[in-house]
Structure formats: C-alpha cells, structure tokens
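A quick write-up on the structure given underneath.
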Amino acid sequence: MSCDEQLVARVRAVLKRSRGTAERRMFGGVCFMLNGNMACGVVSTDLMVRVGPEKYDDALKQPHVREMDFTGRAMKGYIFVSAAGTKSDSSLNYWTKSGVAFVRALPPKPRKKKRA
C-alpha cells in the first residue's frame, strides 16, 4: 500500500519547525513521531491524527473525520481525516497541530538501544 506523497510533504512542511520530530514508515504509510510518540501520519490518502481520548468524541463530530480502525476495532484517541478534510492548508495545520499538542503532553519515549 502506498501513501499520498504530496500529503506527506505538506505535513512535513507543517512540522519542519517542531523539535524532536522524526518520520517512520508504519501502517503502510508514513508516521510522524515527536519525542518517540506518534502524533500523526499519512495512510493512503488519509491523515491519521492522535487526538487523545479526551478530544476523540469531539473530533469524530467534525466533517471528513472517522474512527481509525485498522483491525475492524476503533482505536480510541486516533482518527482518520479524509482527503477532503485536509484539502486546505488551514485544515491540515489544524489537524496536524492537534496531534502535536496531544503528544507534547506525553513523556518522551526512551530510546531503544541498538543491537550490536
């Protein structure tokens, strides 16, 4: 499965000034990590956003948003925003920064030691 590389580039541009960000290929797409925690990503043509459990229900009420459900079971705190919901730069900024804001409140994940 490939992902929308133009959307990846747009997310990258939004996050370029955020310290501690890294990219990782996951879920058949690209995830953007902040201090080791996943904030958002691109899967196919959708933006995946970690909004957290407190903002989850409100996020689902927004246009073009649905539950993130890779296994047929929703992952509470994570959403998909369809391509229509990220068409404008302002909406992409809003959703991307929502993921970053949630993850900034989490403790950094410890770095894994490299195997020799």
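The values are calculated or read from the model by the stated rules, or taken from the named source; none is laboratory data. Keep in mind the model is a prediction, meaning the values are calculated, not measured. For neighbour counting, all protein chains shown are included, and Cβ atoms are generated from backbone atoms with ideal geometry for every residue, glycine included. Note: areas computed on protein heavy atoms with side chains; ligands, DNA, RNA excluded. Shrake-Rupley method; radii C 1.70, N 1.55, O 1.52, S 1.80 Å.
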Conditions: (1) within 26 Å of PRO110 (Cα to Cα); (2) modelled with pLDDT of 95 or more; (3) basic (Lys, Arg). ARG17 meets all but one. Number of the miss?
(2)
Just to be sure before I move on: is ARG24 of a type in the set (Lys, Arg) and in a strand (DSSP E or B) in the structure I sent?
yes
Quick check on the stretch 1-21: of everything there that is in a loop (DSSP other than H, G, I, E, B) and of a type in the set (Ser, Thr, Tyr), which residue is surrounded by the fewest Cβ atoms within 10 Å (Cβ to Cβ)?
SER2
Criterion first (farther than 17 Å from SER91 by Cα and crowded, with 18+ Cβ neighbours inside 10 Å) does MET33 satisfy it?
yes
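Here is a check on your reading of the model: is CYS40 closer than 21 Å to ARG104 by Cβ and touching a Ser or Thr at 6+ places or on another chain (Cβ under 8 Å)? Before you say what the answer is, go through the steps one by one.
Numbers: closer than 21 Å to ARG104 by Cβ: yes; touching a Ser or Thr at 6+ places or on another chain (Cβ under 8 Å): yes.
Against the criterion (closer than 21 Å to ARG104 by Cβ and touching a Ser or Thr at 6+ places or on another chain (Cβ under 8 Å)), CYS40 qualifies.
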Residues of the stretch 38-74 being among the basic types (Lys, Arg) and open to solvent by 70 Å² or more (accessible area, probe 1.4 Å), which ones?
LYS55, LYS61, ARG66, ARG73
